[in-house]
Amino acid sequence: MQALVWTAAHRLELLEVEEPQIALPDEVKIRIEMTGICGTDLAVVTGKEEGVHGIIRGHEAVGTVVETGSAVDRVKVGDRVVIDPNESCGECDFCQRNKPHLCLGIDGEGMRIAGLNAQGTFAPLFVTRQRFVHPLPPTVSAAAAVLVEPLACVIHNFNEAKVSPDDSVLILGSGPMGILCQVVSASFARLTAATEVNEYRLECAKSVCDAVFTPDELNEGNVRKLLGNRKFDVVIDTVGTQLHTAEQWVERGGTIIPFGINGVYRHTISPTAYIQKAIKLIGAGEYRHTFEQALRFAARHPEIAQLVTRSYRLDEHEKAINELLGYELDSMKEVISRTVKTVFKP
């Protein structure tokens, strides 16, 4: 079969690979129907994060069970399922303390995560253990289901930050994760505002948020019109480079959530300012026990399927990536980007 592999040439390449086979009694083979391109994938292809060579990328996926091991009893052939890529070991100290999101793995070298350090879903077929697959209700579309994994991440961050119905939330950036944050915030918080530079995503954000600004419009006058003499109770940086902006617009006693992935970004903080203003900086890690919560959210909000705005074949991966980035990786030439969530249909 053909799959998208992160190679030693530091490129995502479509290669011929062996079809995965069931090796354990509790494993399940899934035919991938749809798999999303995540911000972590973009961070790797742009050099902002290291990728493991030889790994099939992709970790947000929905598909149909085509084969099961002899001990599988949670799903059967023909079931539609969504995949949890975070394969916590269940045995390390953190797993034993009910903190699987901090799993160190049996070997102590970190949790196995499909598409990051274990084979992923940018492929026609995928094999995993049955505890990492969740049956889909018949009413949940593939486009809504492919958002369950990123939704689990968003909901976990909101839970860790203890976002309440009295809070005002500012989301910096309206990319795929930013708009998912906006959708969740609309259910969690009193007021949601966002920023964005891309005109297409600005319009998408306006359909969800109470207010949307370009970076230049995020100023004292516009915030005062929205909140009076207050700033935002919660500020979420989905870009990965906006902590300076978050500090500017978070209220005393408020919370900042770094959420975007950019391993080369650095920001110097003043601990004294955080102490004096009682500002909380929340690093939430991988999601913890929110996958089922995200699946229920997707079932209650079928309209989130509209966030999947582009689909491509695996052999169209360069076009898909360039469109998401807004520029061509090789030439740096600008590309018009009119998409929120882009997926592959292997």
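The values are calculated or read from the model by the stated rules, or taken from the named source; none is laboratory data. Quick caveat: nothing in here was measured; it's all calculated off a predicted structure. Backbone-built Cβ (ideal geometry, glycine too); neighbour counts: all protein chains shown. Please note that ligands, DNA and RNA were not included when accessible areas were found on the heavy atoms of the full protein model with its side chains. Shrake-Rupley method; radii C 1.70, N 1.55, O 1.52, S 1.80 Å.
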Requested in this report: Check off (1) hydroxyl-bearing (Ser, Thr, Tyr); (2) over 19 Å from residue 19 (Cα atoms); (3) modelled with pLDDT of 95 or more for residue 128 and give me the number that stays unchecked.
Outcome: (2)
Report task. Return a yes/no flag: does region 246-253 have any residue that is under 29 Å from residue 88 (Cα atoms), in contact (Cβ under 8 Å) with a residue 24 or more places away in the chain and open to solvent by 50 Å² or more (accessible area, probe 1.4 Å). Result -> no
Report summary line: In the set 163, 183, the lone residue that is open to solvent by 10 Å² or more (accessible area, probe 1.4 Å), at pLDDT 95 or above and closer than 20 Å to residue 338 by Cα is 183
Query - Subset of region 205-229 (residues that are open to solvent by 30 Å² or more (accessible area, probe 1.4 Å) and hydrophobic (A, V, I, L, M, F, W, C)) - result: 208, 226
Query raised in the report: When you go through 57, 80 one by one, which is the residue that is within 25 Å of residue 343 (Cβ to Cβ), open to solvent by 30 Å² or more (accessible area, probe 1.4 Å) and charged (D, E, K, R)?
Result: 80
Query raised in the report: Out of region 308-327, which residues are open to solvent by 40 Å² or more (accessible area, probe 1.4 Å), under 19 Å from residue 201 (Cβ atoms) and free of Cβ contacts under 8 Å to residues at least 60 places away in the same chain?
Result: 310, 319, 327
Report task. Return yes or no: is residue 232 over 16 Å from residue 273 (Cα atoms), open to solvent by less than 20 Å² (accessible area, probe 1.4 Å) and not aliphatic (A, V, I, L, M)? Result -> yes
**Report entry** Of residues in region 275-302 being among the aliphatic types (A, V, I, L, M) and in contact with a strand residue (DSSP E or B) (Cβ under 8 Å, 6 or more places away or on another chain), the one surrounded by the most Cβ atoms within 10 Å (Cβ to Cβ)
**Finding:** 295
